[in-house]
Amino acid sequence: MTNKNTSQMLMSSKTLLLILSTITLTSIVAIPNSAFAQGITESTAVASEEASSKDPITLINEIRDLLTQANNQYVAGDHVSAAETVRIAYLDHYEFLEGPLAALDPALMEATEILIREDLVAAMESNSSVAVVQDLINTINTNLDQAELLFQQA
């Protein structure tokens, strides 16, 4: 095979690859709400769907469990995993609690959201002391206790 033929084959392969890449990207953009386009794995999408069908008390207990797990990770020095666990608690559980809680106590919903999504994650990412992280988790748990009482009374 001559150098000219080899060059032509390489160009054809690169062109084909470019066309396939364009088609794939166009497909993803054309379906903006697909889990893949949003960077969501199938297991995360399934977990989120399951969480949305749970009652508020179950969601609260799962958030507490994840906060305990995040605390243990943080104490062990795994700050990155701890922050990720808090994000999971927020996105896969608290997000589904927000609507029902806002209907009962919008201020409590907002305060707890900020504590979890912003304050606790920021404290972990900035390597705050264990005491600071535990104080934030205790405050969140106190808010979750109040939320649980509201749901039990509703």
- Query: Expressed as a rounded percentage, what relative contact order does the stretch 42-153 have, with Cα pairs under 8 Å and six or more residues apart?
  - Reply: 30
- Task: Can you pull the one-decimal nm distance between simple spin-label points at Ile57 and Ile114, each 7 Å off the Cα toward Cβ?
- Result: 3.0
- Per-peptide average of other Cβ atoms within 10 Å, ordering 85-97, 110-122 highest first: 85-97, 110-122
- Give the long-range amide H neighbours of Asp78: residues separated by 5 or more places, or on another chain, with amide H under 5 Å away, using H modelled in the peptide plane at 1.01 Å from N. none
- Query: Just for the Cα atoms in the stretch 42-153, what are the lengths along the principal axes, largest first, rounded to whole Å?
  - Reply: 37, 33, 18
- Query: What FRET efficiency do you get for Val130 and Glu84 if R0 is 22 Å and r is their Cβ-Cβ distance, rounded to the nearest 0.05?
  - Reply: 0.80
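Each value in this text was obtained by applying a stated rule to the coordinates, not by laboratory testing. Quantities reported herein were computed from a predicted structural model and do not represent experimental measurements. Positions of Cβ are backbone-derived with ideal geometry, glycine not excepted, and every protein chain shown enters the neighbour counts.
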